[in-house]
Amino acid sequence: MKTKWETVIGLEVHAELSTATKIFCACVTRFGAPPNTQSCPVCSGMPGTLPVFNRVVAEYAMKLGLALKCNIADRCKFDRKNYTYPDLPKSYQVSQLYAPICTHGSLEVDAPGGTKSIGIHQIHMEEDAGKLIHDGGHTFMDFNRCGVPLLEIVSKPDMRSADEAVAYLEKLRETLLYLEICDCKMQEGSLRADVNLSIRPVGGPLGIRTETKNLNSFKAIARAIQFETARQIEILEAGGVVTQETRRWDDDQGESYSMRTKEDAQDYRYFPEPDLLPIHIDTAWLARIRETLPEMAHKKRARYIRDLTLSPADAAVLTGHIKISFFFETLAKKSGHPKEAANLIIGEITRLMNKTGILPENLDIDTDKLTTLITLVLGNKINRNAYKDATEAVFLHDADPETYIRERGLLMVSDNAAIEAAVDAVLATNPDAVASYRAGKEKIIGFLIGQVMKKFSGAGSPDLIKELLIQRINETQFIQHENGNG
């Protein structure tokens, strides 16, 4: 199967934009509001209403187009896509078919076989439809989402596997997040994808494609691609013909089913939107948008490796989400210790996020308090165990780190004489452990360190204690003492 057949995949990704208001009216776009509380005569399709274009939508589209190396049209316009469905009150969707805002771009992705360029056919602006709510045998219509601005990013059929498709989507999501034009919360429908897939003999002409609609998780997308690949190969190997159709994915069942025969553009009876003028993008407007482009993730990674001497793996983790990157840079600047800031985020902060289920976009922790902890641990005021405990207290309860450490007696003992006395006492009461260490069982030193730490309720310096233990064990006078000659 792997040598005979080749999978050809193209993706249509819908990204809801993070604008304050909708694309053609002043209704807000806040997610989770009660049904039909963010709707007006314009977005609910009342007769006699006229749309007013939200300029920010075009600027967000230009940002993404520039980031994806697209050609930005100096003139684009809207069209009506006509179809009837209960969640589309106007019975048409305002979109762009004949003159989209962005065309012919590309996105470099780290695919399993190495870096690969995925072509971008076009990016166009459009309005979202509403939402159907099925409850107790009844279907209700919520028009809050009607008119929420979308960018549809249409790739070329350049992907050959589920892994490549997911790699493309991850890179696209990263780009949208860094541009701050979409929150990419797939669980809320802010980012969803349609999968166009066909099978052909390796190197042969394109096969008949199907479209699997509205997938909203990377896992579901990968599973849907694997299922549809196997389904089409089975049909072809049995001598059948794949039907061009639209399919819906059932994630619980792990399979898709047919919704309708696939429509072509003529089925939607596109025609120019008569209520909206064309949009003219001059060089000055485009130049202003270009100046607002942020440092993208791949450039941050390179800078972290070059200027902060972080490893490629650490740099990748710290740039995986824009919120984590901003958090790291703030903490690194305040503390003056980027490597320690990186270690804290990659280690303890990530562990706590996983433990509590907090997502990167919801991370909210006081970097001033973490800076205090970094200063204390690097200044040998607290040991690593206390550092870990205090970090958790700051993360979970917004505790004041100095108060937390003081109240629990976690400041490290700095009295060398007291530490030396404790070391001598532990060595005197554990002669077997001393003998084992001298016999080459060096791991026993951990036990001895723990015994000394107990005497200071865990507030000693493990490094200093280890140094003193080894020094004492190796001292001639201690050998004599152990033999009863001291």
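The values are calculated or read from the model by the stated rules, or taken from the named source; none is laboratory data. Since this is a predicted model, take the numbers as computed values, not measurements. With ideal geometry, Cβ positions are generated from the backbone for all residues, glycine too; neighbour counts draw on all protein chains shown. Areas reflect the complete protein model, heavy atoms only, side chains present, ligands, DNA and RNA absent. Shrake-Rupley method; radii C 1.70, N 1.55, O 1.52, S 1.80 Å.
Scaled to the compact-protein estimate 2.2 N^0.38 Å, what is the alpha-carbon radius of gyration of the range 295-407, rounded to two decimal places? It would help to have the intermediate numbers written out before the result.
Working: Rg = 13.8 Å, N = 113, 2.2 N^0.38 = 13.3 Å.
Output field value: 1.04.
Longest exposed-loop-site-free stretch of the chain, with trypsin sites (Lys or Arg not before Pro), DSSP loop and at most 13 other Cβ within 10 Å?
31-268
Assign one of three labels to the range 28-86, namely rounded, prolate or oblate, based on the Cα gyration tensor with a ≥ b ≥ c the square roots of its eigenvalues; rounded applies when a/c is under 1.5, prolate when it is not and a/b is larger than b/c, and oblate otherwise.
Numbers: a/c = 2.33, a/b = 1.62, b/c = 1.44.
Prolate.
Cα centroids of the range 192-223 and the range 99-135: how far apart, whole angstrom?
14
Using a 1.4 Å probe on the protein chains only, how many percent of the accessible area of the chain belongs to carbon and sulfur? Kindly include the intermediate steps, with their values, before the conclusion.
Working: 12310 of 24120 Å².
Using a 1.4 Å probe with all protein chains present, the chain comes out at 51 percent carbon and sulfur.
So between Arg438 and Asp267, what do we pick up on full extension, going 0.36 nm a residue minus the alpha carbon distance? Mind showing how you got there, number by number?
On the way: separation 171, 0.36 × 171 = 61.56 nm, distance 8.60 nm.
The span from Arg438 to Asp267 would gain 53.0 nm if fully extended.
Please list, ordered by chain and number, the residues whose modelled amide H lies under 5 Å from the amide H of Lys90; skip anything fewer than 5 residues away on the same chain.
Residues meeting the criterion, in which the H sits 1.01 Å from N, do not exist here.
Using only the Cα atoms of the chain, what do you get for the radius of gyration and for Dmax, in Å?
Cα-based Rg and Dmax for the chain come out at 30.8, 107 Å.
Suppose we look only past 17 Å in the calculated P(r) of the range 142-200. What percent of the Cα-Cα pairs does that tail hold?
47
In Å², and per residue, what accessible area does the chain have when probed at 1.4 Å with the other protein chains present?
Numbers: 24120 Å² over 486 residues.
Result: 50 Å² per residue.
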